[in-house]
Every structure is written in structure tokens, then in C-alpha cells.
1. Helix-only mean residue ellipticity at 222 nm, chain A, DSSP H runs n ≥ 4 weighted -39,500 (n - 2.57), per residue, nearest 500. What is it?
2. Which whole number gives the average, over all residues in A:74-87, of C-beta atoms from other chains lying within 10 Å of the residue C-beta?
3. Tally Lys/Arg at +1 and Asp/Glu at -1 over every other residue whose Cβ is under 11 Å from the Cβ of A:E29; what's the total?
4. Please name which of B:G38, B:T57, B:I77 has its Cα lying farthest along the dipole of segment B:18-81 towards the positive end, using unit charges on Cβ (Lys, Arg +1; Asp, Glu -1) and the Cα centre as origin.
5. When you look at the Cβ of every residue in B:60-72, what mean number of other chain Cβ atoms sits within 10 Å?
6. Excluding ligands, DNA and RNA, what is the accessible area buried between chains B and A, summed over both sides, using a 1.4 Å probe, to the nearest 100 Å²?
7. Relative to the longest principal axis of chain B, what angle (0 to 90°, nearest 10) does the C-alpha long axis of helix B:109-122 take?
8. Take the Cβ-Cβ distance between A:E63 and B:M6 as r, set R0 to 30 Å, and report the resulting FRET efficiency rounded to the nearest 0.05.
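The values are calculated or read from the model by the stated rules, or taken from the named source; none is laboratory data. Here the structure is a predicted model, which is why all the values come from computation and not from measurement. In this analysis, Cβ positions are derived from the backbone assuming ideal geometry, glycine residues included, and neighbour counts consider all displayed protein chains. Protein only, heavy atoms only, side chains kept; ligands, DNA and RNA dropped before computing areas. Shrake-Rupley method; radii C 1.70, N 1.55, O 1.52, S 1.80 Å.
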There are 2 protein chains.
Amino acid sequence: MWWSAMGIRIDKHSGVPVYIQIMNQIKKEIVLGRMKEGDKLPPTRDLARMLGVNINTVLKAYERLQFEGVIQAQHGIGYFITQASFIKKEVLSEIKNFARLLRENNVDLLIAITILEEVYKNDK
Amino acid sequence: MWWSAMGIRIDKHSGVPVYIQIMNQIKKEIVLGRMKEGDKLPPTRDLARMLGVNINTVLKAYERLQFEGVIQAQHGIGYFITQASFIKKEVLSEIKNFARLLRENNVDLLIAITILEEVYKNDK
DNA sequence: TCTTGTGTCATAGATAACTATAACACTAAT
DNA sequence: ATTAGTGTTATAGTTATCTATGACACAAGA
């Protein structure tokens, strides 16, 4: 088994703390079915090297994911996924359509997300 | 003219720097047409008090928005909007539909946004 | 001119995030 | 038993963000 860094991408200059980005990226990989229950995560040292961040930053992300019950450490072995929920294909398809809509209308992604958050929270 | 804080909401514990949240919120208000070119922004001191943050944090947001050309300071008078672009009604409508879809399918907003970002960037 | 409202600048301190580095503990394979 | 791979813990230092506070500059109106 090897790690290319999987689909995990971070942006050090986005303003969002890196450890939170790592958490979100791993959750995303799981939801998209790229990682499933029982799968082993990249070792902390490896992921840190691949992402160009410090080990402690990856560890912080892993520890928080463990606290949330998403993954589980096994001392001396590695971290494993313990909880996996998948997104429906239709929903994923709709996300793609939505992304296309935004691009076609030249809507800035950050602004769209800000509006989306407001709408999502207000209509509850 | 008064300031209720307008539609500007921030979350101190979201991990995203507050001054960036303020920037995004103001851009959002403009795009939604709630503020238009020439409109005066809340004074730094007032917005700081309304949001429960320090003046310097608001100032940092305003200064960056000015650097981006969105707003313009007039010494002793206030900050004014210099650049306004609007979102199409159809796009806003689609954002609302999208938010509804996510809620109906119990999709976590953060994860949805993470997937959206990936799709948006990859399909370019 | 004086006052009020506002932008601007500066300094200092607190907290969070990130980095650098080392040492130790457990597991599996040889 | 030894080694390699991995998790765990600890310490220290740097940088970014946020706060607290004060002082000064400019504009408009009384």
C-alpha cells in the first residue's frame, strides 16, 4: 500500500488552519468512498512530509478525528478508519452541476460559499 | 442611517480568521445587493463593538478590502463602497436550491463545501 | 472655535497555530 | 534479539491573529 497523499490537498495561505484542512480533506475522502472502514491512513510522518507540514500538525488533525470517532489509532501500527458514511451519487452529481453553474456565471467560489452558508443556516 | 451590523455575522470559533470572515461577509452583502456603490460602511469602532471584536481587527479587514479596490476610505468621514457586482437572481435561486438539497440529504455543510472546492478547481 | 464622528498610527501583551527536534513505547518481521 | 515502522509525549521557539489602549489627524456642523 502506498500514499501519494491520496486526494488530500491543503493551502497554507487560505487562512484556514492547516490541521482543520487536513481533517476536512480526510472526511471528504471517506465520504467520496475513496477510503473505507478499516483502511489505514498514511503514517503521521509520511503525510507531514507529503504535505510539507510539521508532524505535530498532522497529529493534531488525527487526534481530533479520533476524538470525533472517525478514525482510531493502534499504537505501533497506524491509524484506521472506523466510521464511514457515503454521499449519494445523485448528491455528488448535483454538487458537480452546482460547480459548473458557478463557473459559467463567473461567480467567485468564496462568495458563493459565504452566501451558501447564510442560506443554509437561515432556512433551518 | 443606522447599523444593526447589517447582515454581517462572524463565528469566532470557526477557525477562520475573523478579519477574513468580515471581508467575506461584506463582499457577500455587496453581491447580494444589500449594499451598493457609494454606500457608507459602518464606522470601524461601531462594527467592532457590534461584532464583539477589537477595532484593529475590523481595520485590518477594511484595509484589505481597500487594497482589493472594493471599498475606499475618506479620512474623517468613513469607508465607502467603490466597486459593486451583483449576482444573478437565477444563480441566487440555484444556491438556495442547492442548500435545500444538502439539508434534505443530511449532507454536512463543511464536507459539501470541501467537495465543492475540489470539483470547482479540478474541472477547470 | 469647539465638539463630535471618523480614519490613522503605534505600542504592548495574550493566545493559537505552526515548526523543530528529541526521546520513548509498541508492533511486526527477520 | 534486533530492526524498521509507527504512535506518543515533551519542550522550545516563531509567527499570525487578536486584544487593549492611547494618541493624533481630518471633516462637518453648532
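1. Value at 222 nm, helices only, nearest 500: -16500 deg cm²/dmol.
2. Mean number of neighbouring Cβ atoms from other chains: 1.
3. So the environment of A:E29 carries a net charge of +3.
4. The residue sitting farthest along the positive end of the dipole is B:T57.
5. 0
6. Looking at B and A, the buried total is near 3800 Å².
7. Roughly 80 degrees, rounded to the nearest 10.
8. 0.20
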